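The values are calculated or read from the model by the stated rules, or taken from the named source; none is laboratory data. Everything numeric here is computed off the predicted structure, so don't read it as measured data. As a convention, Cβ positions derive from the backbone with ideal geometry for all residues, glycine included, and neighbour counts pool all protein chains shown.
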Amino acid sequence: MIDHPLRILFIAAEADPLVKVGGLGDVAGSLPLAVKHSRPGIDIRLAIPFYPAIRQSGIEVKPVGSSQIRYQDRLLDIQFFVTEKYDIPIYLIDGLPISQSGAVYGTNFEQDAEKFIFFSLAALKLPQVLHWQIDILQANDWHTAISLHAVRKMSEAFPEFASVKTILTLHNLPFMGTGSEKALEKFAVPPCRNPRMPSWAKQLPLPMGINSADKVVAVSPTYAQEIFTPEYGCDLQNFLLTKRTRIMGILNGIDYQIWDPQKDACLKQTFSAVTLEDRRENKRALQNEFSLPQEENIPLLTFIGRMDRQKGIDTILSAIRLLDTRNWQLIVLGTGDKTLEKEVTTLQQEYPEQIRTILRFDGALSHRLYAGADILLMPSRYEPCGLAQLIAMRYGCVPVAMATGGLVDTIVDFSKNPAHGTGFLCAEQDTHCYATTIQTALQIFLNQTDWRKIQENAMQQDFSWQISAKKYIELYHSIL
Ligand code: ADP
């Protein structure tokens with residue numbers, strides 16, 4: 001047991017509102033704050049890369065120090081900045097591999113590897129620069145996982161981490177940091193030597209981090225179990241089984257300040273579970289904005305997410321063509337894989353009266369969609385937690401999702417439990433099954449009393465960070 005308030009350094013590749021690409025940005029932007037608010041004595045601080053886009057946003061930062069890191073036969077400079085605009089200090093870390101980069105996640109794997117390995121090692125210099133002895137280092141996904149390996153296997157470089165406990169939060173197992181080998185060598189990071197780790201994984205940041213972490217937290221209890229199976233384990237399942245006692249699941253939450261249908265400034269009309277009829281105004285506004293027939297009785301479906309096969313967007317494309325009714329509208333908001341983007345556009349051409357496609361990242365529009373659409377389509381192939389369904393439920397937009405990972409942990413299937421149903425789950429990873437599940441939802445939509453009950457049930461769930469933050473705090477104390 002420690003005799004001072006806990007000191008935690010939380011590191012991630014993105015954090016809302018400074019930079020957000022997907023759910024990791026939501027989590028890193030919310031969880032440290034939620035921990036701080038749950039237990040004000042805890043000294044938790046966040047560090048992210050100082051991407052050129054953040055710099056260009058004009059954010060006010062203060063320099064807090066500098067350091068250097070070995071790279072081949074020379075030293076690379078690191079600059080540390082802080083923004084004190086938020087309730088916790090957020091450190092922005094800069095250096096050549098970061099300042100030279102373009103998008104947060106680029107298409108050049110080797111360049112991304114250099115950027116994130118540099119960031120992970122640079123972040124380990126922060127406590128020294130700040131004269132701040134930390135108790136816990138919490139990393140997220142492959143981008144920062146190498147820091148956990150480094151504090152154990154490069155202890156001469158980072159001696160002050162000898163008694164620091166480490167946590168790796170796992171948001172997405174398949175992204176392991178492909179193409180990192182050369183960068184690891186350039187930064188003199190030794191490979192993993194655990195004989196139980198498959199040899200192909202010994203120079204991949206995520207498995208290396210899993211190997212060294214004191215605790216690995218998957219972002220939902222179901223995903224924490226699924227990763228031990230060949231279906232979801234990405235060929236690491238046998239290795240993961242050797243770490244079984246260190247792996248657990250804690251569900252993500254959502255920021256109830258940002259996602260609040262009663263106060264949301266992005267909406268045409270705010271509403272709550274008791275004033276659900278006001279919600280219609282938002283649907284009408286969407287139909288108007290996207291030149292769709294303004295009919296209250298036509299169910300409005302939406303998809304909001306990355307255009308990636310993980311999200312099952314291709315399943316939606318096939319399932320839509322199988323529906324035996326044309327009494328629906330669909331608005332797709334997403335960006336990513338260009339082939340999938342093109343396929344969605346083709347579908348729109350097939351259904352010009354019913355489908356609209358918006359191929360960009362648009363936070364404000366996502367708020368309007370959650371608040372105005374009737375149904376969120378989310379047929380993910382795998383889903384470590386999923387935030388879109390949590391936000392949708394908070395806004396009375398009923399999820400029709402695949403029964404996998406965090407979707408199972410957060411959605412009560414109306415077909416199995418009509419009294420408490422909060423959405424619809426498709427039991428099989430199969431297009432026909434998913435089309436049938438959409439059809440069931442469309443059928444129930446016709447009975448507005450049942451539908452309203454589902455919306456109310458969904459809106460009454462508690463997906464705030466409070467519960468998860470408490471679980472993380474328990475974990476912090478248990479590992480010390
Ligand atoms: P993942 O982290 O796998 O991308 P999640 O469901 O956990 O998926 O989180 C996705 C987050 O990103 C949600 O907040 C969702 O609303 C948001 N999002 C995804 N794509 C877009 C987009 N094109 N425009 C606006 N918000 C988006």
Original post:
Could you list, in sequence order, the residues of region 276-331 that are charged (D, E, K, R), buried (at least 22 other Cβ atoms within 10 Å of the Cβ) and not in a helix (DSSP H, G or I)?
Top reply: none
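Just to be sure before I move on: is Trp142 part of a helix (DSSP H, G or I) and more than 24 Å from Gly405 (Cβ to Cβ) in the structure I sent? Reasoning before the result, please.
Working: part of a helix (DSSP H, G or I): yes; more than 24 Å from Gly405 (Cβ to Cβ): no.
Criteria not met by Trp142.
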Subject >> Hits in region 263-275 - residues which are crowded, with 16+ Cβ neighbours inside 10 Å and small (Gly, Ala, Ser) >> reply: Ala273
Subject >> Tally of residues being more than 11 Å from the ligand (Cβ to nearest atom) and assigned to a helix (DSSP H, G or I) across region 343-372 >> reply: 10
Original post:
If we keep just the residues of region 242-255 that are surrounded by 14 or more Cβ atoms within 10 Å (Cβ to Cβ) and more than 21 Å from the chain's Cα centre (by Cα), which is nearest to Val219 (Cα to Cα)?
Top reply: Arg246
**OP:** Output yes when any residue across region 373-380 is small (Gly, Ala, Ser), closer than 28 Å to Arg452 by Cβ and either more than 12 Å from the ligand (Cβ to nearest atom) or modelled with pLDDT of 95 or more (or both), and no when none is.
**Re:** yes
Subject >> Unmet criterion (only one of (1) more than 16 Å from the ligand (Cβ to nearest atom); (2) free of Cβ contacts under 8 Å to residues at least 40 places away in the same chain; (3) outside any helix (DSSP H, G or I)) for Pro17 >> reply: (1)
**OP:** Give the number of residues within region 421-480 that are in a loop (DSSP other than H, G, I, E, B) and over 21 Å from the mean Cα position of the chain (by Cα).
**Re:** 9
Original post:
So, of the residues in region 381-404 that are part of a strand (DSSP E or B) and under 20 Å from Asp314 (Cβ atoms), which turns out to be farthest from the ligand (Cβ to nearest atom)?
Top reply: Val400
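One line per residue, one yes/no per condition, for (1) at pLDDT below 95; (2) within 16 Å of the ligand (Cβ to nearest atom):
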site: Gln287; (1), (2): no, no
site: Glu295; (1), (2): yes, no
site: Leu301; (1), (2): no, yes
site: Gly312; (1), (2): no, yes
site: Leu323; (1), (2): no, no
Original post:
Can you pull out the residues in region 319-368 that are farther than 26 Å from Thr440 by Cα, in contact with a Phe, Trp or Tyr (Cβ under 9 Å, 6 or more places away or on another chain) and not aliphatic (A, V, I, L, M)?
Top reply: Thr335
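Take Leu475 and decide whether it is at pLDDT 95 or above, of a type in the set (A, V, I, L, M) and not assigned by TED's automatic domain parsing to the domain that holds Leu390.
Against the criterion (at pLDDT 95 or above, of a type in the set (A, V, I, L, M) and not assigned by TED's automatic domain parsing to the domain that holds Leu390), Leu475 qualifies.
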